[in-house]
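The values are calculated or read from the model by the stated rules, or taken from the named source; none is laboratory data. On a predicted model such as this, the values are computed, not experimentally measured, just so you know. Heads up, the Cβs are rebuilt from the backbone with ideal geometry, glycines too, and the neighbour counts pull from every protein chain shown.
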Amino acid sequence: MSTWIIRPEQSGDEPAIHDLVKRAFAPMPFSEGDEQDLVDVLRAAGDLVLSLVTADGAGAIIGHIGFSPVTVDHASCGWFQMAPVSVSPEVQFTGIGSALIHAGIAEMAQRGAHGIAVVGNPVYYERFGFAVIPGLAPLSDHDSPYFRAQVLAGAAPQGTLRYAAAFG
């Protein structure tokens, strides 16, 4: 059985993260093939406020998760978008993605985040406490069926949630 650890992204991890995200999303029918570029643009803009990786026993990066700030009705509110969540295809369905999500949520809570939003498979993300929050919606109607959020502190904001500029 292989072992792995979750740690913050370090200088020099960028190429491995880029490659991992590209490989993780390549077979996904909903992917437009640019998720790896999203991570790079978020990082360059200073909007990748938390970037965690999973490294295997040899130090290879086999998982990644990123968090970036969002606004609600154009106001900062201490909320963040969790995206993307990537796991190397060879080790998907082994608990790495779940461990990254749990670690990321815990770290964001420790940092004082008020909440986290995600767009993805509702059945998957609801396992981690994400849910529909009445009165909170993404800007894109396309995202609405897949949009879920989780309050970490305080009351849930009401209004239109907008992602960091890198999301387009």
### Task
Report, ordered by the first and then the second residue, all pairs with beta carbons closer than 6 Å, sequence separation of six or more or different chains, a first member in the stretch 141-165 that is of a type in the set (D, E, K, R), and a second member that is assigned to a loop (DSSP other than H, G, I, E, B).
R148/F130; R162/L139
### Summary
Residues of the stretch 48-75 being over 21 Å from G168 (Cα atoms) and either free of Cβ contacts under 8 Å to residues at least 12 places away in the same chain or touching a Lys or Arg at 6+ places or on another chain (Cβ under 9 Å) (or both), in sequence order, are L52, V53, T54, A55, A58, G59
### Message
Can you pull out every residue in the stretch 50-72 that is buried (at least 17 other Cβ atoms within 10 Å of the Cβ) and aliphatic (A, V, I, L, M)?
### Response
L50, L52, V53, A55, I61, I62, I65, V70, V72
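Scanning the stretch 27-40 for residues that are of a type outside the set (F, W, Y) and at pLDDT below 85, which turns out surrounded by the fewest Cβ atoms within 10 Å (Cβ to Cβ)?
The initial filter retains those residues of the stretch 27-40 that are of a type outside the set (F, W, Y), namely 27-29, 31-40.
Next, only the ones that are at pLDDT below 85 stay: 27-29, 31-34.
Values: P27: 9, M28: 10, P29: 4, S31: 13, E32: 9, G33: 10, D34: 14.
The qualifying residue surrounded by the fewest Cβ atoms within 10 Å (Cβ to Cβ) is P29.
Take A106 and decide whether it is small (G, A, S), in a helix (DSSP H, G or I), at pLDDT 95 or above and surrounded by fewer than 14 Cβ atoms within 10 Å (Cβ to Cβ).
On the way: small (G, A, S): yes; in a helix (DSSP H, G or I): yes; at pLDDT 95 or above: yes; surrounded by fewer than 14 Cβ atoms within 10 Å (Cβ to Cβ): yes.
Answer is yes for this residue.
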### First in the stretch 19-47 and aliphatic (A, V, I, L, M), second anywhere and modelled with pLDDT of 95 or more and assigned to a loop (DSSP other than H, G, I, E, B), Cβ under 8 Å, 6 or more apart
L20/S88; A24/S88; V39/L48; L42/L48; L42/A164; A45/A164
### Query
Which of the residues spanning the stretch 140-165 are in contact with a Phe, Trp or Tyr (Cβ under 8 Å, 6 or more places away or on another chain) and over 21 Å from I101 (Cα atoms)?
P157
### Summary
Over the stretch 109-124, the set of residues farther than 15 Å from L48 by Cα, surrounded by 15 or more Cβ atoms within 10 Å (Cβ to Cβ) and over 11 Å from the mean Cα position of the chain (by Cα) is A109, H114, G115, P122, Y124
#### Entry: Pair list, Cβ < 9 Å and 6+ apart or interchain, from the stretch 127-139 residues that are closer than 24 Å to A165 by Cβ to residues that are among the basic types (K, R)
F130/R148; I133/R148; P138/R162; L139/R162
